[in-house]
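Encoded as structure tokens, the structure appears first; notes follow it.
Here, each number is a calculation from the coordinates, and none is a lab measurement. Since the structure is predicted, the reported quantities are computational estimates derived from the model, not experimental observations. When we count neighbours, we look across all protein chains shown, and the Cβ atoms used for this are built from the backbone with ideal geometry, even at glycine.
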Amino acid sequence: MAANRLIVHGGAGDWDGFDEAEVLKGVRAAAEAGWSVLRAGGTALDAVEKATNVLEDDPLFDAGFGSFVNEVGEVEMDALMTDGATIKFGAVAAVRRVRYPISLARLVMTRTQNCFFVADGADQLAAELGMPLVANITMVTPKEIDQFRQRQALHATRNEKGTGTVGAVALDGSGNLASATSTGGIPDKRKGRVGDSPIFGAGGYADNQFGAASATGQGENIMRFFLCQRVVEAITAGVDATAAAKSGLDYLAARIPDPEAGIIVIGADGSIGAAHTTKAMPVAWVTADGDIQVAMRPAR
Ligand code: ASP
């Protein structure tokens with residue numbers, strides 16, 4: 001029987017001006033939720049969904065409620081669920097009316113013959129599959145909408161690096177790996193812009209033979225190099241999850257100046273890794289003896 005493993009992230013970025021204790025509390029709560037699923041004998045898929053739902057609900061993070069608004073003041077969210085047992089995935093992009101995009105991504109994987117739905121069609125699918133639809137404005141925090149209106153009044157642009165995409169990776173007792181990634185995208189993004197997060201192989205990947213991963217950061221950089229697949233398939237005898245995460249980001253940094261990326265990884269061997277090129281990337285993970293650890297800057 002494989003040992004349960006779990007790691008979550010709250011997004012690679014500057015995290016300047018944030019209360020780090022609050023941010024770490026948020027990722028810890030997500031890890032606790034995912035871990036309680038695994039401890040009760042639940043699957044890696046259930047664990048990553050549960051952990052991600054907690055972060056989608058937390059307005060500190062750029063996913064679900066609390067997502068960044070785009071250039072017209074609306075929320076457009078992307079999510080990806082991957083299953084290492086079947087090498088299947090479900091993805092959604094530019095969804096506007098779903099509170100938990102990662103749960104919709106999972107339904108795409110399990111309840112349709114397809115892999116990827118976007119925009120109105122994805123929202124419509126959510127309703128057909130029994131998910132409640134919400135008004136877009138209810139996904140935006142009052143602070144985010146106030147700041148948007150102020151920028152509009154001043155014709156100002158936002159000067160901030162994207163922070164707060166969320167992700168989770170888990171290995172369950174049956175040796176199955178899964179990853180989940182959910183985001184509101186980058187701040188003030190153009191309407192219709194989609195980053196790496198819902199792209200299989202880029203924003204997330206899982207294959208029971210190797211491992212699973214979830215990425216965060218500047219999507220335009222990450223998706224060009226299929227960061228998650230590259231890192232996961234680098235896990236072999238002698239290269240654990242930490243080494244693979246680091247070498248994946250070193251590779252990216254060698255190809256692109258300042259890639260602004262981060263990744264969390266679990267190997268099929270149970271090894272756990274995290275790395276980022278940004279100033280910070282809050283993570284929480286569970287140690288071999290079941291303790292939850294948190295870090296704002298896990299490795300650089
Ligand atoms: N990767 C996300 C995107 O480009 C943003 C992030 O991770 O902060 O949409």
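The set of residues in region 247-273 that are surrounded by 24 or more Cβ atoms within 10 Å (Cβ to Cβ) and more than 17 Å from G219 (Cα to Cα) comprises V265, I266, G267, I272, G273.
From the list G66, G26, G84, G41, which residue is within 23 Å of G175 (Cβ to Cβ) and in contact with a Leu (Cβ under 7 Å, 6 or more places away or on another chain)? Explain how you work it out, then say what you get.
Working: G66 fails: within 23 Å of G175 (Cβ to Cβ); G26 fails: within 23 Å of G175 (Cβ to Cβ); G41 fails: in contact with a Leu (Cβ under 7 Å, 6 or more places away or on another chain).
Only one candidate passes the filter, namely G84.
Yes/no matrix, rows are residues, columns are (1) assigned to a loop (DSSP other than H, G, I, E, B); (2) touching a residue at least 60 places away in the same chain (Cβ under 8 Å); (3) more than 20 Å from G192 (Cβ to Cβ); (4) in contact with a strand residue (DSSP E or B) (Cβ under 6 Å, 6 or more places away or on another chain):
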| site | (1), (2), (3), (4) |
| --- | --- |
| A105 | no, yes, no, yes |
| M109 | no, no, yes, yes |
| A126 | no, no, no, yes |
| G130 | yes, no, yes, no |
| T138 | no, yes, yes, no |
| E144 | no, yes, no, no |
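One line per residue, one yes/no per condition, for (1) buried (at least 24 other Cβ atoms within 10 Å of the Cβ); (2) among the small types (G, A, S); (3) on the phi < 0 side of the Ramachandran plot; (4) touching a Phe, Trp or Tyr at 6+ places or on another chain (Cβ under 7 Å):
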position	(1), (2), (3), (4)
R5	yes, no, yes, no
W15	no, no, no, no
D19	no, no, yes, no
K25	no, no, yes, no
A30	yes, yes, yes, no
V37	no, no, yes, no
A44	yes, yes, yes, no
E49	yes, no, yes, no
E56	yes, no, yes, yes
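For region 211-221, the set of residues classified as more than 16 Å from I7 (Cα to Cα) and either more than 9 Å from the ligand (Cβ to nearest atom) or out of contact with any Ser or Thr (no Cβ under 8 Å at 6 or more places or on another chain) (or both) consists of Q218, E220, N221, listed by residue number. Condition check: more than 19 Å from the chain's Cα centre (by Cα) and not in a helix (DSSP H, G or I). Does Q150 satisfy that? Judged against the criteria, Q150 is not a match. Within region 134-167, can you find the residues that are closer than 28 Å to A202 by Cα, more than 16 Å from the ligand (Cβ to nearest atom) and of a type in the set (A, V, I, L, M, F, W, C)? Scanning region 134-167 gives a single hit, V140. Test E76 against the criterion of being surrounded by 18 or more Cβ atoms within 10 Å (Cβ to Cβ) and of a type outside the set (A, V, I, L, M), and give yes or no. Yes. Taking the criterion of being farther than 21 Å from A63 by Cα, among the small types (G, A, S) and part of a helix (DSSP H, G or I), the residues of region 206-247 that qualify are A241, A243, A244, A245, S247.
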